[in-house]
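Undergrad: Following this message is one structure expressed as structure tokens.
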């Protein structure tokens with residue numbers, strides 16, 4: 001029965017993720033609203049903002065569920081676990097999907113990514129690295145403080161560490177793109 | 001660390017001299033985004049040699065006529 005629940009959760013996450021990717025890709029075609037003198041936004045920049053916004057919603061919802069149910073609740077209640085996995089998968093697809101699709105379109109010549117866009121895309125993983133490192137440090141400190149006396153960390157906590165870090169890693173991709181345009 | 005030399009350009013003047021070409025038209029012709037053209041005109045971005053040559057080709061002039069090194 002749990003396999004069915006998991007399959008449904010993955011399918012729902014995929015559907016929601018694809019819808020949010022399509023929504024983010026619409027930002028590529030939006031015209032820049034600035035005047036000739038101010039800096040217009042690049043298509044990839046608009047896509048980064050859209051992907052960040054659509055991935056933050058399920059990520060924040062997942063964090064809220066985790067805080068509400070707690071680590072023990074995540075480990076013992078199937079519904080909590082499935083909901084977090086659903087929201088986590090949705091967040092990852094919403095964050096990384098548009099960028100993957102944009103790169104494939106650019107390779108086919110259907111989207112213009114110029115050398116500056118490529119430099120910014122190449123630099124985005126630096127932000128992801130810092131975010132992952134920060135998540136690992138925060139989780140290590142938290143789990144050490146919480147379970148030092150117990151001498152053991154619940155399996156649910158390890159699974160949460162993985163899911164939250166993967167979500168943060170994915171969200172850091174559009175974030176890195178946005179930072180790249182601000183720095184460049 | 002040695003200070004990077006500044007790169008100036010005459011893109012804006014060349015655009016106006018070529019039928020008041022817009023930044024978007026130049027971007028389309030050179031294969032880059034309008035944002036890149038704006039940053040180039042403001043000397044806030046140093047283009048690659050390929051992009052510099054593409055822009056020079058659009059105007060039908062030598063690269064040295066578009067981009068100049070200020071030391």
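Undergrad: What number in nm² do you get for chain A if you take the convex hull of its Cα atoms and divide its surface by four?
TA: 12.1
Undergrad: Relative contact order of the range A:12-146, please, whole-number percent, based on alpha carbon pairs below 8 angstrom and at least 6 residues apart.
TA: With pairs under 8 Å counted, the relative contact order is 30 percent.
Undergrad: Write down Rg/Rh for the range A:42-89, rounded to two decimals, with Rg from the C-alpha atoms and Rh from the Kirkwood relation over Cα pairs.
TA: Values: Rg = 13.9 Å, Rh = 11.7 Å.
Computed over Cα atoms, the ratio is 1.19.
Undergrad: Taking the Cβ-Cβ separation of residue A:166 and residue B:16 as r and a Förster radius of 45 Å, what is the calculated FRET efficiency to the nearest 0.05?
TA: That pair, residue A:166 with residue B:16, gives E of 0.30.
Undergrad: In nm, to one decimal, how far is the residue A:152 label point from the residue B:7 one, both placed 7 Å along Cα→Cβ?
TA: 6.1
Undergrad: Just order A:139-152, B:32-45, A:41-54, A:107-120 by mean Cβ neighbour count inside 10 Å, highest at the front, would you?
TA: A:41-54, B:32-45, A:107-120, A:139-152
Undergrad: Please compute, for peptide B:27-39, the average count of beta-carbon atoms on other protein chains lying within 10 Å of each residue's beta-carbon.
TA: The mean count of partner-chain Cβ atoms within 10 Å per residue comes to 5.
Undergrad: Testing the spin-label approximation: label points 7 Å from Cα along Cα→Cβ at residue A:10 and residue A:138. State their distance in nm.
TA: 2.8
Undergrad: If each DSSP helix of 4+ residues adds -39,500 (n - 2.57) and the sum is divided by the residues in chain A, what number results at 222 nm, nearest 500 deg cm²/dmol? All intermediate terms of the calculation are to be shown ahead of the outcome.
TA: Values: 5 runs with 152 residues, N = 184.
Roughly -30000 deg cm²/dmol at 222 nm, from the helical runs in chain A.
Undergrad: Could you work out the relative contact order of chain B, using alpha carbon pairs under 8 angstrom and six or more residues apart, expressed as a whole percent?
TA: Value for chain B: 45 percent.
Undergrad: Assuming 0.36 nm per residue, please report the length gained on full extension of the stretch residue A:145 to residue A:60 beyond their Cα-Cα distance.
TA: Taking residue A:145 through residue A:60 to full extension adds about 28.2 nm, to one decimal.
Undergrad: Of the candidates A:170, A:59, A:122, which one comes out as most mobile in a Gaussian network treatment of chain A with C-alpha springs shorter than 10 Å?
TA: The residue with the greatest mean-square fluctuation here is A:122.
Undergrad: So what is the calculated 222 nm ellipticity per residue for chain B, using -39500 (n - 2.57) for each DSSP H run with n of 4 or more, over all residues, to the nearest 500 deg cm²/dmol?
TA: -14000 deg cm²/dmol
Every number in this text was worked out from the coordinates using simple rules, so none of it is lab data. Since the model is a prediction, treat every value here as computed from it, not as a measurement. Glycine also receives a Cβ, built like all others from the backbone with ideal geometry; neighbour counts cover every protein chain displayed.
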